[in-house]
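**Student:** There's a structure below that I have some questions on.
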Amino acid sequence: MAESVRGGGAGKPATDTSPARLPPWRRADDQPAYATTALLLICVLAAVLYARGITQSQYRDYYADAARSMSGSWKAFFFGSFDPGNSITIDKLPGFLWPQALAARLFGFHPWVLTLPQVLEGIACVLVLHRAVRRWTGVNAALIAAAVFLATPATAGLFRTQVEDPLLTLCLLLAADATQRAALSGRLRSLVLAGVWVGVGFQAKMLEAWAVLPALGLVYLVSAPAPVRRRLAHLGIAAAVAVVASASWVLAVSATPADDRPYVDGTTNNSAVSMAVGYNFLSRFSSVGLSAAGSGSVVSGPDGSEAPSEQADASGSGRLGAPLPGDFGSDESGWGKLLGSSLASQTGWLYPFAAVALGCGLWWRRGKPRTDGLRAGLLLWGTWLATYFLAFSAGSVGGHIYYLGVIAVPLAALTGAGTVLMWREHRTGGRRAWALPLAIATTAAWSVHLSMQYPSPLSWLGPATLVLGIAGCLLLALALAGTRTTTKTRIAVAGLTAGLCAVVVTPGAWATQVFNPWNTYPLLGSVGPTSDFGQPGGFVPTDDALTPSQQRLLAYTTAHRGTARYLFASTNETNASPFILDAGAEVLPLGGFTGRVPYPTLPGFQQLVDSGQLQYVLVNSERGMGGFGGAESGSATTTTSEITVWVLAHCATVSAGDYGADLYFYGDLYRCGPGR
């Protein structure tokens, strides 16, 4: 096999046909003594950064409700039930919540317990990224990549949130790592393992996991040391494995009779396929002409417009149209949204550096043998970056910073490898030597531009980046003049050090803002200084404990429940959430997350009442905060609004004094059925 790029303490490619399979924390014999110590330090810093304030974590509404329900029932665990009564699922595949629910079973249900799996997934991401880059371009590149990943603001927030993307990011990294091994060895086993990891990633975040497939397939097809027919056959087998692993939960739900499982949220036809493909994919790309209409999914907002659920849960509160945090400005829409300050400031600091590294690397490796390992790595990470960049540019991001973890991965890998490759060319001299100063200069200028969009409180970042960038470029240029000497080598090292500081100082300073009280609980994954709107960079959730009036309602309905299956029904998910989250109460949320899911139907609801399974209904009141459901939720008629009208006409109002409602209570309680 031609050049492989595993090993090499200074990042120098080593010729080897059998890539080592060392754990990410072990040091290969040909790596420097500091390698293990440096990696251990990075992992400790990752643990500190991601676990900062974990004991003061708070729940993320909706997902935390489901985790509570899933931790108390294996049926709810498998299907991802939102409510303890196993009436309806969440509007996502439940894979990302399985670690959280298992943790709750082991340690009890607490906010920090739900955050802990994401912290561990983040540390694992650092280790796997290090291993993949170390095999590709050596230990120095791997350490730089791991450090850059750690210094990315989006990742500092990502692994502190109770959402899908931490597990997705880890699974995609494991898939890339396995594919890299397969591309170096030509072995089917590693490629099949990559397909399995993509399938697990699908359980975490559905079709978003498949966006990595072009990168994985391309690198194996181009560079694996096997005849083309064998490569194609291997890819076909691995693709089949990925599809089967991905579809496993959907197929299991589809094969289960509807009466024996909860209703699938986000759909009008109770179909897991509709939820995964229509509701969570097609509706995200309405801006490019795709439509979920006719897919059996809920695609319309209360005003009848097509709107993905991103907008619905953007605030973490489960309320349609709720305002986004202040650091999300108007530059989020259109094909340039990832270059806009609100998103680029969280993950895009290294766009110029990665672009220069990718372009130069591919150009420099032209004419090399097909199996060239260095070019294969560039294709892997470059295609990954391009695919997700285009997907997010075309689709709906909706201010969800934590989506960008999968962008941070290839940026970190390309930055780490690019630094080593361009440094090697700089030391060699010639025209290629100017690639490194170019990458530093463009990245520093871009960082200054982004930091100027957020002038406070870290106003020193822009000038510091500018000074470091200029110093680094000048020193690197000075080192190129004349014959190389020991002094000029030291000057070059000083220039590289200053240049790298210029590249990471601003994002690193933003990432450390998790120690700022405003950024202790970034539900949307956003960390950093305050925005032009004067709001905190991370959404700070409210206390989810039951209010005194809610506690009185819970006590009243519990005392009068009798043999009913449900404590009460709520005309929207928002009003049901506190009772499920705080008490694990069997509350029936009418209409699911959006309030527009036709479950239960009016006849089904009436059957619940007639059979005694349901007696009380909490109807959203105009006195309090609106939710999705209820008669006031919009002009469009929904099953929930039909049920609400029926309840108002056929059920008896419970006196507010009986269940302790006060002026600020948001609902009116009705009793239905015999004896009302």
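**Student:** Give the calculated FRET efficiency between Arg565 and Asn269 to the nearest 0.05, with a Förster radius of 22 Å applied to their Cβ-Cβ distance.
**Tutor:** 0.35
**Student:** Using only alpha-carbon positions, what ratio does the radius of gyration of segment 353-467 give when scaled by 2.2 N^0.38 Å?
**Tutor:** So segment 353-467 has a normalised radius of gyration of 1.23.
**Student:** Further question: Using 7 Å Cα-to-Cβ label points, what is the Leu290/Thr637 separation (nm, one decimal)?
**Tutor:** Going by the 7 Å Cα→Cβ label model, 3.3 nm.
**Student:** Please order Glu642, Glu164 by the number of other Cβ within 10 Å, starting at the fewest.
**Tutor:** Lowest to highest Cβ neighbour count: Glu642, Glu164.
**Student:** If packing is taken as the average number of other Cβ atoms within 10 Å across a peptide's residues, how do 194-207, 382-395, 71-84 rank, most packed first?
**Tutor:** My ranking of the peptides, most packed first, is 194-207, 71-84, 382-395.
**Student:** Using R₀ = 45 Å, calculate the FRET efficiency as 1/(1 + (r/R₀)^6) where r is the Cβ-Cβ separation of Ala394 and Ile237; round to 0.05.
**Tutor:** In this case the efficiency is close to 0.90.
**Student:** Still on this structure: Viscosity 1.002 mPa s, temperature 20 °C: give me the Stokes-Einstein translational D for segment 548-671 in µm²/s, with Rh taken as the Kirkwood radius over C-alpha pairs.
**Tutor:** 151 µm²/s
**Student:** On a full-extension model of 0.36 nm per residue, what is the gain between Lys488 and Ala47, subtracting their alpha-carbon distance, rounded to one decimal in nm?
**Tutor:** Extra length available between Lys488 and Ala47 comes to 154.9 nm.
**Student:** Dividing the alpha-carbon radius of gyration of segment 76-117 by 2.2 N^0.38 Å (N being the number of residues), what value is obtained?
**Tutor:** Against the empirical 2.2 N^0.38 Å value, I get 1.13 for segment 76-117.
**Student:** Quick check on segment 129-246: take the gyration tensor over C-alpha atoms, sort the square-rooted eigenvalues as a ≥ b ≥ c, and tell me if it's rounded (a/c under 1.5), prolate or oblate.
**Tutor:** In terms of gyration-tensor shape, oblate.
**Student:** For Trp112 and Asp662, what is the calculated FRET efficiency with R₀ set at 25 Å and r taken between the beta-carbons, to the nearest 0.05? Mind showing how you got there, number by number?
**Tutor:** Values: r = 32 Å, r/R0 = 1.27.
Using R0 = 25 Å, I get an efficiency of 0.20.
**Student:** Another question, then. So, in nm, how far is label Thr37 from label Thr256 when the simple model puts each one 7 Å beyond its Cα toward the Cβ?
**Tutor:** 5.3 nm
**Student:** What is the magnitude of the charge dipole of segment 420-519 about its Cα centre, with +1 placed on the Cβ of each Lys and Arg, -1 on the Cβ of each Asp and Glu, and no other charges, expressed in debye to the nearest 20?
**Tutor:** Dipole magnitude for segment 420-519 comes out near 480 debye.
**Student:** How are the Cα pair distances of segment 420-519 distributed, in percent, across 5 Å bins from 0?
**Tutor:** P(r) over segment 420-519, rounded to whole percents: 2, 14, 23, 20, 14, 10, 8, 5, 2, 1, 0.
**Student:** Would you please classify the overall shape of segment 391-441 from the alpha carbon gyration tensor, given that a ≥ b ≥ c denote the square roots of the eigenvalues, rounded means a/c under 1.5, and beyond that prolate means a/b larger than b/c while oblate covers the rest?
**Tutor:** prolate
**Student:** Moving on. Where does each of 132-138, 479-485, 354-360, 221-227 land if you order them by average Cβ count within 10 Å, highest first?
**Tutor:** The densest-packed peptide leads the list: 132-138, 354-360, 221-227, 479-485.
Read the figures in this text as sums done on the coordinates, not as results from a lab. None of the values given here were measured: they were computed from a predicted structure. All Cβ positions, even for glycine, are placed from backbone atoms using ideal geometry, and neighbour counts span all protein chains on display.
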